[in-house]
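Here the structure comes first, spelled out in structure tokens, and everything after it is commentary.
The values are calculated or read from the model by the stated rules, or taken from the named source; none is laboratory data. In this text, all values refer to a predicted model and were calculated from it rather than measured experimentally. Reconstructed Cβ throughout: ideal geometry from the backbone, glycine too, with neighbour counts over all protein chains shown.
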Amino acid sequence: MKNTKLWFSNNFKELILPHEPKKLPKVPTYTKNMLERARNDFEIMKEWNVDPYSIPEFFSLITSLIKKQPKGESGTLLNNGYANILYVKLANGTVVAVYVFWYGVDRVWGFHACAVDDVRWDVGYYVFSRSLTFPSNSVSSSDTLSLESRVKELENKMSKLEKVITF
């Protein structure tokens, strides 16, 4: 990711970075979902049946996404300082939460890895996984594409409205 500034926490440097593959595998499939209520890792993983990525899959996916937003542009990843959460399975079988965020002040993508625990993730954060099974009181997985297209449509309308207001 030439010309893209990256920052890594000590945990990320210790748990994930040493295992970066020399050659990236094919980009894995993913689904993203925005948290509509605060949840901890256990709730997210249980309610949505999260299937964690391997470390090579994580690097392949995050590299492909950041290449499309190298300087924090709008795109698939949140670029407002909120967390983009991905669950990664380490070689020893332990699953960790990796969150990637855009830090606009320093214009850098940040990476942090932490133990899966009771920390509550805030409303508005994205969760990425190869598969998410939504809780019964949320959208179903079959509605994901229509929901994402509706969100895109609303974002486009908001963008046009912001341009009108600015001028």
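Overview of values
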quantity	calculated
Residue match in the stretch 108-120 (condition: charged (D, E, K, R), assigned to a loop (DSSP other than H, G, I, E, B), touching a residue at least 24 places away in the same chain (Cβ under 8 Å) and assigned by TED's automatic domain parsing to the domain that holds V27)	yes
Counted residues, the stretch 1-10 - those being of a type in the set (S, T, N, Q), under 17 Å from V96 (Cβ atoms) and surrounded by fewer than 16 Cβ atoms within 10 Å (Cβ to Cβ)	1
Residue in the stretch 84-95 that is surrounded by the most Cβ atoms within 10 Å (Cβ to Cβ), counting only those that are of a type outside the set (G, A, S) and over 14 Å from S129 (Cβ atoms)	L90
Inter-residue pairs, beta-carbon under 7 Å, first free of Cβ contacts under 8 Å to residues at least 12 places away in the same chain and assigned by TED's automatic domain parsing to the domain that holds F111 and in the stretch 71-83, second in a loop (DSSP other than H, G, I, E, B) and surrounded by fewer than 13 Cβ atoms within 10 Å (Cβ to Cβ), 6+ apart	G75/K68
Top-ranked residue of the stretch 15-56 - restricted to ones that are free of Cβ contacts under 8 Å to residues at least 40 places away in the same chain and acidic (D, E), ranked as surrounded by the most Cβ atoms within 10 Å (Cβ to Cβ)	E43
Subset tally (residues that are over 20 Å from Y82 (Cβ atoms) and either hydroxyl-bearing (S, T, Y) or at pLDDT 95 or above (or both)) for the stretch 28-41	1
Some residue of the stretch 86-99 being farther than 22 Å from R37 by Cα, assigned to a loop (DSSP other than H, G, I, E, B) and within 17 Å of the chain's Cα centre (by Cα)	no
